Every structure is written in C-alpha cells, then in structure tokens.
Amino acid sequence: MKKDFAIGCLLAATMATGSFAATTVLTAAPTESWTVTNYYKQAVYDPKESKIGEIDDVLVDKSGKITGLVIGVGGFLGAGEKDVIVPFTAVKTAKKNDKWWLTLDETKDELKGAPGFKYDRASTTWVPEKK
C-alpha cells in the first residue's frame, strides 16, 4: 500500500512538473511580436519628420500588455528634458529607407505643454511632476 502511494505521489509530481514546464516555455516566438528594443531609446518623429524626443520607458500592465510609452521631450543632452506619457496605441510604426520609424500625431511643442512625469524610485512608478 505504501509503495502504491509513493508511486502515485511520484507520478503526480512528474505530471505536474511536466505540465508546468510546458506552459512556461514557448517553442516559437509569437507571431506579429516585436521586441521592446524596437521602442526603448528610439527616436519619435512628428508627421513632418521632425524629431519629437526619445522613448525613455515602456509601461506594461499586470497582464503583460504594453499600455504607454514615456517620451523625453525638449532639453539638450537630457538637461531640461520633460517626460510625458502617451498611450502605446498613439505611436505608429513606419518603414522608410529600410529603417523603422516611430511617429506620433503630435508636435514637440504640443508635448511640451502636456503634463510631465518623473520616475519615483521608492514606488518604482511614474508620478506627476509637481510644479
């Protein structure tokens, strides 16, 4: 009886482990997926191909869906730069001269007028800037 119980426990553990491993590893990359590096630290342009800024962070919700992009706007070499958050769906991709471009239907001046955010290390999240 003890032997049957031990074999049953071992079999159950093996099945559970095998089931767990099969759901945590993909055997192929998901179709239509991009890497975060296609966005992170990439330049963003307005419709007239003027550079708006650069993506400083990619915001992801608890389910893993990308919800927003933090764009650093203005300033020079990071000094005086303002971080704004735009919805992920607002940034469009376009291919030009064999290079992927990120575009946004906003101008740099419009984004400079938007609410700013700063990264709070204590809460590990972006919070509104205090004026």
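The values are calculated or read from the model by the stated rules, or taken from the named source; none is laboratory data. Quantities reported herein were computed from a predicted structural model and do not represent experimental measurements. With ideal geometry, Cβ positions are generated from the backbone for all residues, glycine too; neighbour counts draw on all protein chains shown. Surface areas here come from the heavy atoms of the whole protein model, side chains and all, with no ligands, DNA or RNA. Shrake-Rupley method; radii C 1.70, N 1.55, O 1.52, S 1.80 Å.
Identify all residues within region 46-58 that are open to solvent by 40 Å² or more (accessible area, probe 1.4 Å) and closer than 22 Å to residue 118 by Cα; write none if there are none. Residues satisfying the conditions are 51, 54, 57. Considering 65, 41, 118, 92, the condition of being on the phi > 0 side of the Ramachandran plot and within 18 Å of the chain's Cα centre (by Cα) is satisfied by 41 alone.
Here's the yes/no breakdown for (1) over 30 Å from residue 83 (Cα atoms); (2) touching a Lys or Arg at 6+ places or on another chain (Cβ under 7 Å); (3) basic (Lys, Arg); (4) at pLDDT 85 or above:
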position	(1), (2), (3), (4)
1	yes, no, no, no
5	yes, no, no, no
9	yes, no, no, no
14	yes, no, no, no
19	yes, no, no, no
24	yes, no, no, no
29	yes, no, no, yes
33	no, no, no, no
37	no, no, no, no
